[in-house]
2 protein chains.
Amino acid sequence: MTDSVKYLLSEKDLPKAWYNIAADLPKPPPPVLHPGTGKPVGPDDLAPLFPMELIQQEVSTQREIEIPEPVREVYRQWRPSPLFRARRLEKALDTPARIYYKYEGVSPTGSHKPNTSVPQAWYNKTAGIKRLTTETGAGQWGSSLAFAGALFGIEVVVFMVRVSFDQKPYRKAMIEGFGATVHASPSDQTNAGRAALAKRADHPGSLGLAISEAVEVAAMSPKENKANYSLGSVLNHVLLHQSIVGLETLKQLEMAGDDPDVVIGCVGGGSNFAGIVFPLLGLQLRGGRKRRFLAVEPTACPSITKGRFAYDFGDTANLTPLIKMYTLGSAFVPPPVHAGGLRYHGMAPLVSHCVDLGLIEGVAKHQIECFQAGIQFAKTEGIFPAPEANHAVRAAIDEALKAKAEGKKRVILFNLSGHGHFDMQSYLDFAAGKLKDMEYDPKELAMALAGLPSVKE
Amino acid sequence: MTDSVKYLLSEKDLPKAWYNIAADLPKPPPPVLHPGTGKPVGPDDLAPLFPMELIQQEVSTQREIEIPEPVREVYRQWRPSPLFRARRLEKALDTPARIYYKYEGVSPTGSHKPNTSVPQAWYNKTAGIKRLTTETGAGQWGSSLAFAGALFGIEVVVFMVRVSFDQKPYRKAMIEGFGATVHASPSDQTNAGRAALAKRADHPGSLGLAISEAVEVAAMSPKENKANYSLGSVLNHVLLHQSIVGLETLKQLEMAGDDPDVVIGCVGGGSNFAGIVFPLLGLQLRGGRKRRFLAVEPTACPSITKGRFAYDFGDTANLTPLIKMYTLGSAFVPPPVHAGGLRYHGMAPLVSHCVDLGLIEGVAKHQIECFQAGIQFAKTEGIFPAPEANHAVRAAIDEALKAKAEGKKRVILFNLSGHGHFDMQSYLDFAAGKLKDMEYDPKELAMALAGLPSVKE
């Protein structure tokens, strides 16, 4: 163990391949099903939305998948990202625990999202695609795909959940600054959007609905101006790209001469969590040390802790294939907590599968306790985390306090998935005592779960 | 010359001493004068405001001044900061020039300011000071001193120029998040503030006025709750602390195997510019290669290009000693351009002295052309610069285009002093065509210059 503050890798230590956990799972995850036929979907079903390289990654069981050199070149701008030892936080907590955090806020858009937006844009470009559609909640993903689009000369169209569109004009400014187009969702651009607006003119939108809009535009795009669809989380190929986070972390832990007992990440769709966790979980699956892996979700949108492991649609308009995942039901609309990136009804199928196998634990945290953790982190470590990342910070602090109570030298690692520079309104609201611990409506959840599609397994 | 994207130093390459250009100047800068006696000020005159270590640094002619280890420990969180080769920008400009930028936006508060806030807070802490007052324009400095105060347990009181206080609630949120107190300036807390409000109830404030308020509070503070004053630019000890930027850059240029022909920084008070320039200028003064050093200011506040090299007060209420500098007159109120950090009537005396000696050139840029440069930078390099830093980007792009026109392989280096995450409103205004190229009123400038104090030299 060394006494450094941060652990930096040189560019030559940037991983050359992503890690695919599908190679090491004790049993394969349930197949994705076609909603019409109930049969597993094949590459042809996905071809209207994704380039073949990404479809192949989606179903690959190869352990290592090479990162294309043009993607590595872009990665090198901010990767390998730093691993920090949170010494000042440890001191403030007076804990015997050692706390490490991998900091993904150093990317151009301030989160882990470019780890996948860049390869997605690259594979689409090499497939001759000139236009990409996507959804965004808080705007982290939309700005990251806009960034990647600007680099590779791809037009990007973003459907942004209306509540965020209105509350976060500066994320929108960033997306537009990169040259992309932003529509508030629900919009009048799609059948799904128009239907939602017809039901409710002031519809606040949701991630599931914005996905429906983006998928629809891509699916209906004419051959001569073909658009593909791009998703910022949930899918296997997205989690694959995020594995770079954990692969780097493994090398950095070696530099630090330390070994985490518990690994923590916040979960919305599950990609930043899987990014830091899967490479370490893979070691365990191949016979290595057993560790705790803790997925932290908001109590307002608790797919792992209160949802059902079942087949469901990925979007609200039910345009996507059926995926087996922890879900609150595609009709569930989570309360408007500030952690917009965690307001998704489902959970990545690979993360869900690992929860089902007992490899990953879920825990839910309230909004206010998460902001309290964020402020404590800012005052000690200097960084204001994004509201999403505050969930990981909260859980890490709780683990450190537990270690203190137990007098244990626990080693805690968490992914600080992004900074909160575009979320300072939420910190203002918190400071002004305006934040509430929002609860979902149990009746609404029961109804959404009752509406899950019936699938013969 | 290597083909990397970024040049990173390890923590062990973090400089152990700051560089003091006073050791190498061909003639010493004019002395700072007491406004009452007209005599050079001594340490006792400054003792009510600053700890003795900083006063000694202010007048030192020692070339190297050791960085205290507790300061280096904090620096190590984000330093050495990266030096980037702007390859994608070069390609977009189709220029034979090679463009490098040192990126100071990686600090916790997103600019170069913590390079001096941390040592200032540290020296004050070791002197037993528990309270610091300061001013801030756009908020970069206020948040940086608040950060340093949080680390060392010092109470920080910030007077924030009212126009920024109202326009930039998120910088204020950051300052308060770190635990500091913020007053809109002019405030009712001081004689200087009350006098300004009496003249004009909706006074927009200015950096010079906010300095008056912060100095007054410190100077009048009771012995039992002594407050010191802290300044984020202009003074010699501030420029000294910023030399870490250029010292690191020298090592990184060696890694890159390249040597800049022109070195560029934006100038408000002059500290980020001096930070990157002085270590390179020092080499030249000790017999090394001659380079161009380009200080870029806004046309709205053109102290070098339209001001006078004369003795003047550093603040509006004329509470400070007299310093010889390029100045527009302490009564000059610059138009409200978005680059709030550059809206200062004067210029660091050491930078001014070097301009007077013909070692540094000044150039002024308009607001709109600077934002155009910022957007071009964002679309290629992925980073939205702060409006202040856009002035350096503009000048760097202009130099690269000149190199292209002349068919020359010029090497350009600039300091990207901070990111624009808290300035996205200005990018929105720019995109909406709402920005104007604001000109100062020549009559007002003439009056402000006519009001300069008469000093016998």
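Projecting each Cα onto the charge dipole of the protein assembly as shown (Lys/Arg +1, Asp/Glu -1 at the beta carbon, about the Cα centre), which of A:296, B:210, A:103 comes out farthest on the positive side?
A:103
When only the heavy atoms of the protein chains count and the probe is 1.4 Å, how do B:34, A:421 rank by accessible area, highest first? Write down the numbers at each step before the final one.
On the way: B:34 65, A:421 15 Å².
Reading off the accessible areas and sorting them downward yields B:34, A:421.
Among A:405, A:371, A:387, which residue has its Cα positioned farthest towards the positive end of the charge dipole of the range A:306-424, with +1 placed on the Cβ of Lys and Arg, -1 on the Cβ of Asp and Glu, and the dipole taken about the Cα centre?
Checked the options; the winner is A:405.
Using a cut-off of 27 Å between alpha-carbon atoms, which lysines can reach residue B:306, once sequence neighbours fewer than 8 places away in the same chain are excluded?
In chain and number order, the partners are B:27, B:113, B:290, B:324, B:365, B:402, B:434, B:436, B:443, B:456.
Where nothing but the Cβ of Lys and Arg (+1) and of Asp and Glu (-1) is charged, how large is the charge dipole of the protein assembly as shown around its Cα centre, in debye to the nearest 20?
For this selection, approximately 680 debye.
How big is D, in µm² s⁻¹, for the protein assembly as shown by Stokes-Einstein at 25 °C and 0.890 mPa s if Rh is the Kirkwood radius over C-alpha pairs?
Translational diffusion coefficient: 87 µm²/s.
Per-residue mean of other chain beta-carbon atoms within 10 angstrom of the beta-carbon, peptide B:169-180? Write down the numbers at each step before the final one.
Values: counts 3, 10, 1, 2, 12, 7, 0, 4, 11, 5, 3, 0.
Per residue, the average neighbour count from other chains is 5.
Evaluate the distance, in nm, between pseudo-label points positioned 7 Å from the Cα of residue A:409 and of residue B:47 along their respective Cα→Cβ axes.
4.9
Nearest 5 is fine: what % of DSSP beta bridges in the protein assembly as shown come out antiparallel, could you say?
On the way: 36 of 102 bridges.
Here the antiparallel bridges make up roughly 35 percent for the protein assembly as shown.
For residue A:133, list long-range residues whose amide hydrogen, built 1.01 Å from N in the peptide plane, is under 5 Å from its own amide hydrogen.
HN-HN under 5 Å from residue A:133: A:157, A:228, A:229, A:230.
Using θ = phi - 60° and the Karplus relation 6.51 cos²θ - 1.76 cosθ + 1.60, list the HN-Hα couplings for the range B:404-414 in order, rounded to whole Hz, with x at every Gly or Pro.
Each residue's phi maps through the Karplus curve to give 5, 4, 8, x, 10, 8, 5, 10, 10, 10, 9 Hz.
For the range A:171-267, what does the alpha-carbon gyration tensor say about shape, rounded, prolate or oblate, given a ≥ b ≥ c as the root eigenvalues, a/c under 1.5 as rounded, and a/b over b/c as prolate?
Cα axes put the range A:171-267 in the prolate bin.
Set the Förster distance to 60 Å, then compute FRET efficiency between residue B:447 and residue A:456 from the Cβ-Cβ distance, nearest 0.05.
Values: r = 86 Å, r/R0 = 1.43.
Here the calculated transfer efficiency is 0.10.
Are there trypsin sites (Lys or Arg not before Pro) in the range A:104-144 that DSSP puts in a loop and that have at most 12 other Cβ atoms within 10 Å, and which ones?
none
Can you put A:224, B:155, B:388 in order of accessible area, largest first, using a 1.4 Å probe?
Working: A:224 155, B:155 95, B:388 15 Å².
Most to least solvent-accessible, the answer reads A:224, B:155, B:388.
Which value, in debye to the nearest 20, describes the size of the charge dipole of the range A:301-457 about its Cα centre when Lys and Arg Cβ atoms bear +1, Asp and Glu Cβ atoms bear -1, and nothing else is charged?
The calculated dipole for the range A:301-457 is roughly 360 debye.
May I ask you to derive the FRET efficiency for residue B:126 and residue A:195 from their Cβ-Cβ distance with R0 = 45 Å, giving the value to the nearest 0.05?
Taking R0 as 45 Å, the efficiency between residue B:126 and residue A:195 is 0.10.
Quick check: the angle from helix B:367-381's long axis to the longest principal axis of chain B, C-alpha only, nearest 10 degrees?
Rounded to the nearest ten degrees, it is 50.
What residues of the range B:288-309 lie in the reach of a label at residue B:437, counting those whose backbone N is under 12 Å from a point 7 Å from the Cα along Cα→Cβ?
Within reach of a label on residue B:437: B:299-300.
Using the Karplus curve 6.51 cos²θ - 1.76 cosθ + 1.60 with θ = phi - 60°, what ³J(HN,Hα) values do you get for each residue of the range A:334-351, in whole Hz, with x for Gly and Pro?
x, x, x, 5, 5, 6, x, x, 9, 8, 10, 6, x, 8, 2, x, 5, 5
Within straight cross-link reach of residue A:408, meaning Cα distance under 20 Å, which aspartates and glutamates are found once same-chain residues fewer than 8 apart are removed?
Cross-link targets: A:3, A:90, A:94, A:258, A:259, A:261, A:398, A:399.
Quick one: dipole size for chain B, taken about the Cα centre, charges +1 on Lys/Arg Cβ and -1 on Asp/Glu Cβ, in debye to the nearest 20.
The calculated dipole for chain B is roughly 640 debye.
With unit charges on the beta carbons (Lys and Arg positive, Asp and Glu negative) and the dipole taken about the Cα centre of the range B:141-244, which residue among B:152, B:196, B:175 sits farthest to the positive side?
Selected residue: B:196.
If you count, for each residue, the other Cβ atoms within 10 Å and average over each peptide, how do B:37-43, B:275-281 line up from highest to lowest?
Highest to lowest by the protection proxy: B:275-281, B:37-43.
Gain in length, residue A:76 to residue A:401, computed as 0.36 nm per residue apart minus the alpha-carbon separation, to one decimal in nm?
Additional length available on full extension: 113.4 nm.
For a quick protection proxy, order the peptides B:402-414, A:60-72, B:70-82 by their average other-Cβ count within 10 Å, most packed first.
Listed from highest to lowest mean packing, they are B:70-82, B:402-414, A:60-72.
Using helices alone, what [θ] at 222 nm do you get for the protein assembly as shown, with -39,500 (n - 2.57) per DSSP H run of 4 or more residues, divided over all residues and rounded to the nearest 500? Please report the intermediate quantities before stating the final value.
Values: 36 runs with 378 residues, N = 914.
Helix contribution divided over all residues of the protein assembly as shown: -12500 deg cm²/dmol.
Out of residues 5 or more away from residue B:411 or on other chains, whose amide H comes under 5 Å of its own, with H placed 1.01 Å from N in the peptide plane?
B:98, B:261, B:262
Hey, with R₀ at 41 Å, roughly what FRET efficiency would residue B:251 and residue A:254 work out to, going by the Cβ-Cβ distance, to 0.05?
About 0.95, to the nearest 0.05.
Please list 3J(HN,Hα) in residue order for the range B:107-120, calculated via the Karplus relation 6.51 cos²θ - 1.76 cosθ + 1.60 where θ = phi - 60°; whole Hz, with x for glycine and proline.
6, x, 9, x, 8, 6, 4, x, 4, 10, 5, 5, x, 4
So how tilted is helix A:207-219 from the main axis of chain A? Cα-based, degrees 0 to 90, rounded to 10.
Long axis of A:207-219 versus the principal axis of chain A: about 50 degrees.
Rank these by accessible area, largest first, 1.4 Å probe: B:24, B:94, B:44.
Largest accessible area first, the residues go B:44, B:94, B:24.
Taking the Cα of residue B:63, stepping 7 Å toward and past its beta carbon, and measuring to each backbone N in the range B:218-262: which are under 15 Å?
B:247
Which residues among the range B:96-129 fall inside the zone where the amide N is under 15 Å from a point 7 Å beyond the Cα of residue B:292, along Cα→Cβ?
B:96-100
What whole-number distance in Å separates the alpha-carbon centres of the range B:391-426 and the range A:296-338?
46
The values are calculated or read from the model by the stated rules, or taken from the named source; none is laboratory data. Here the structure is a predicted model, which means the values were calculated and not measured. Here the Cβ is made from the backbone with ideal geometry for all residues, glycine too, and neighbour counts use every protein chain on show. The protein model used for the area step is the full one, side chains on, heavy atoms only, and it has no ligands, DNA or RNA in it. Shrake-Rupley method; radii C 1.70, N 1.55, O 1.52, S 1.80 Å.
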